[in-house]
Amino acid sequence: MSNLQQAYNAGQTKGQAHEKAEQWTESAKETAHSARDKTANAAQSTKESAQHGQQQASGFIQQTGESVKNMAQGAVDGVKNTLGINEKK
């Protein structure tokens, strides 16, 4: 094989290697972008779930507070009735 043929083959091999490296780089970029998007979507979903849980907890606490208030008022009314000091309106 002549030097010219060897140089040509070496240039071909170098060009093919460069093209393959560019393909791998592009593939890695696409994979990174996909991972970033999936992470962002998961974070948004987690945030929405947390907000929903917080809303449910707030509603439960408000209902519990109302129940305690009503029970306390009932106890006060019971004591007033027992003592005969309950005001009739």
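The values are calculated or read from the model by the stated rules, or taken from the named source; none is laboratory data. Remember, it's a predicted structure, so these values are computed and weren't measured experimentally. For neighbour counting, all protein chains shown are included, and Cβ atoms are generated from backbone atoms with ideal geometry for every residue, glycine included.
Of everything in the range 76-89, what is part of a helix (DSSP H, G or I) and surrounded by 10 or more Cβ atoms within 10 Å (Cβ to Cβ)? Give them in sequence order. I'd like the intermediate steps shown before the answer.
Step one: list which residues in the range 76-89 are part of a helix (DSSP H, G or I), which gives 76-83.
Across the range 76-89, the qualifying residues are Val76, Asp77, Gly78, Val79, Lys80, Asn81.
Scanning for something at pLDDT 90 or above, part of a helix (DSSP H, G or I), among the β-branched types (Val, Ile, Thr) and under 16 Å from the mean Cα position of the chain (by Cα), does the range 30-38 turn up at least one residue? Looking for residues that are at pLDDT 90 or above, part of a helix (DSSP H, G or I), among the β-branched types (Val, Ile, Thr) and under 16 Å from the mean Cα position of the chain (by Cα), one finds none in the range 30-38, hence no.
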